[in-house]
1. Let's test the formula: R0 of 25 Å, r as the Cβ-Cβ distance of Glu36 and Phe90. What FRET efficiency results, to the nearest 0.05?
2. Run the numbers for Lys64 and Cys109: contour at 0.36 nm per residue of separation, minus the present Cα-Cα distance, in nm.
3. Within straight cross-link reach of Lys142, meaning Cα distance under 13 Å, which aspartates and glutamates are found once same-chain residues fewer than 8 apart are removed?
4. With respect to the cross-link table entries Lys92/Lys149; Lys21/Lys64; Lys39/Lys165; Lys138/Lys165, which display a Cα-Cα separation exceeding 19 Å?
5. Dipole magnitude of the chain about its Cα centre, charges +1 at Lys/Arg Cβ and -1 at Asp/Glu Cβ only, in debye to the nearest 20?
6. Give the residue from Leu144, Tyr127, Gln18 lying farthest towards the positive end of the charge dipole for the chain; charges sit on Cβ (+1 for Lys and Arg, -1 for Asp and Glu) and the dipole is referred to the Cα centre.
7. Please work out the FRET efficiency for the pair Asp159 and Ser78, using the Cβ-Cβ distance as r and a Förster radius of 35 Å; give the result to the nearest 0.05.
8. How large is the charge dipole for segment 9-66, taken about the Cα centre, if only the Cβ atoms of Lys, Arg (+1) and Asp, Glu (-1) carry charge, to the nearest 20 debye?
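Values in this text are rule-based calculations from the coordinates and carry no lab data. The structure presented is a predicted model; accordingly, all values stated were derived computationally and were not measured. Methodologically, a virtual Cβ is constructed for each residue, glycine included, from the backbone with ideal geometry; neighbour enumeration extends over all protein chains shown.
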Amino acid sequence: MSNLLFSSKKGKILYLDQLSKNDVTTNYLSWFKDPEIIKYIQSANKMKTLKNLEDFVESKIKSKSCLFFGIYENQERSLVGTVKLEPVDFVKGNAELGILIGNTKYRNCGIGCEAIRICSQYVNRNYNINCFTLGVSKENIKALVAYQKCGFAIINKKDNSYRMKLDIG
């Protein structure tokens, strides 16, 4: 994958690229201590050590049903977030999407939506994936609003969460 450049509302140039084992750092691990992440990301509680995170990232990179991307600040190749598609059904052309903006200075500034847009266009063009779904807690109002701005629509309501869907192409 060549770097997919985009800019944030704050004017920072960011890019998406495939996540690698080299991206697993103490900075990345520190995201999983953030109360907002712990509250809304189910796997956060499993990321206690650098080894846990390394094993997780390595398993996703090796998985045939996962595409895992890093969101990087262009000048430093500093990881600010991730976009994970898993599972990906390459035959049916659909994927479950998860996004994490770990670096707090990049939250609530539109990069999540831009990263989703760039990622979905890339996987549509290169893998013919045209349907994306996700789950979001009803309490996570900021994420819900952001997903709706990205074009996701609520398709199912449960007690504590929504299922959302985005069709492209």
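1. The calculated FRET efficiency here is 0.15.
2. 13.0 nm
3. Glu36
4. Correct reply: Lys92/Lys149; Lys39/Lys165.
5. 300
6. Going by the Cα projections, it comes out as Leu144.
7. E(calc), rounded to 0.05, equals 0.35.
8. Charge dipole of segment 9-66: 140 debye, to the nearest 20.
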